[in-house]
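Below is one structure, written out as structure tokens, with a few remarks after it.
The values are calculated or read from the model by the stated rules, or taken from the named source; none is laboratory data. In this text, all values refer to a predicted model and were calculated from it rather than measured experimentally. Cβ: placed from backbone, ideal geometry, glycine included. Neighbour counts: every protein chain shown. For the accessible areas, the whole protein counts, side chains as well, though only heavy atoms, and no ligand, DNA or RNA atoms are used. Shrake-Rupley method; radii C 1.70, N 1.55, O 1.52, S 1.80 Å.
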Amino acid sequence: MRFCPYAQRTRLVLRAKGISHEVININLKNKPDWFFEKNPSGLIPVLETSKGQLIWESPITCEYLDEAFPEKKLMPSDPYERARQKMILEDFSKVTSLLFKHVVAVKDGQDTTALKAEITEKFGKFEEILSKRNTVFFGGNSISMLDYMIWPWFERLEAFQLKDVLNHAPKLQRWMEAMKEDPAVKATMTDPQTYKNYLQLYLVNSPEACDYGL
């Protein structure tokens, strides 16, 4: 699905590694029967190999791609660094639900002051990680798997009305600017206004949401 951050993870890795592929989008508000035959849970993304093998869950699809197509490795070669990236990703997975919670709260006209403060605090920990390593990216001075895994949510901060949570995070701001120059990021990025318009439709359960802009 064009607007899904989880699917974007897989698309980023496919692009970054130069893997020939076909993207088939589905309407998340009206998933076709054939999709449930491929993944009974109905979750996206689903990666289907040339042999018809099916792989789902975005981190698993991305790790598979990195191992199956080793020419340009995105995961670190050092075992500890691989573990470290996975631990940071696990921490980040606890933040994504707060971002969507904020989106819904804004839609419902709730006071989001406390929630925004909590999100700002969480992002502060990722600012600290970059500060301690003193590198542009989370894996060093070049983009690695972790950068791609967390990027989709940073891309959406403006649409989520959370851009200001990085006001006091210069390392994350620098990281974002560097990420925007990456060819894979450029190829998969959605214009913030387009995403905002999609989000408005999605939050009212409009069947037209997933096809917005086509």
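What full-extension length gain, to one decimal in nm, is calculated for Glu128 and Asp211 as 0.36 nm per residue of separation minus the Cα-Cα distance? Each step should come with its number before you reach the end.
On the way: separation 83, 0.36 × 83 = 29.88 nm, distance 3.87 nm.
So the extension gain works out to 26.0 nm.
Could you work out the percent of alpha carbon pairs in region 48-87 separated by over 10 Å, rounded to a whole number?
In whole percent, the long-distance tail amounts to 73.
Run through every distinct alpha carbon pair of the chain and return the Kirkwood hydrodynamic radius in angstroms, one decimal place.
Computed over Cα pairs of the chain, the Kirkwood hydrodynamic radius comes out at 18.3 Å.
How compact is region 90-135 by the rule of thumb for globular proteins, expressed as Cα Rg over 2.2 N^0.38 Å? All intermediate terms of the calculation are to be shown ahead of the outcome.
Numbers: Rg = 12.6 Å, N = 46, 2.2 N^0.38 = 9.4 Å.
This ratio for region 90-135 stands at 1.34.
Roll a 1.4 Å probe over the protein heavy atoms and report the accessible area of Glu181 in Å², nearest 10.
120
Tell me, what is the FRET efficiency for Asn141 and Asp78 to the nearest 0.05, using R0 = 22 angstrom and their Cβ-Cβ distance as r?
The pair Asn141/Asp78 has a calculated efficiency of 0.90.
Out of all Cα-Cα pairs in region 16-118, roughly what percent, to the nearest whole number, are more than 17 Å apart?
Details: 3572 of 5253 pairs.
Of all Cα-Cα distances in region 16-118, 68 percent exceed 17 Å.
For Lys171, what accessible surface area do you get with a 1.4 Å probe? Give it in Å², rounded to 10.
60
Skip the ligands, DNA and RNA, and give the accessible area per residue of the chain with a 1.4 Å probe, whole Å².
I get 54 Å² per residue for this part.
Go through Lys29/Lys107; Lys72/Lys180; Lys107/Lys171; Lys86/Lys122 and tell me which ones have a Cα-Cα distance over 23 Å in this structure.
From the list (Lys29/Lys107; Lys72/Lys180; Lys107/Lys171; Lys86/Lys122), the Cα-Cα distance tops 23 Å for Lys107/Lys171.
Counting only protein heavy atoms and a 1.4 Å probe, tell me what percentage of the chain's accessible area is made up of carbon and sulfur.
Using a 1.4 Å probe with all protein chains present, the chain comes out at 51 percent carbon and sulfur.
Between Asp191 and Val204, what is 0.36 nm times their sequence separation minus the Cα-Cα distance? Round to one decimal in nm.
Fully extending the segment from Asp191 to Val204 adds 2.6 nm.
If you take the Cα Rg of region 121-214 and divide it by 2.2 N^0.38 Å, with N the number of residues, what do you get?
The reported ratio for this selection is 1.21.
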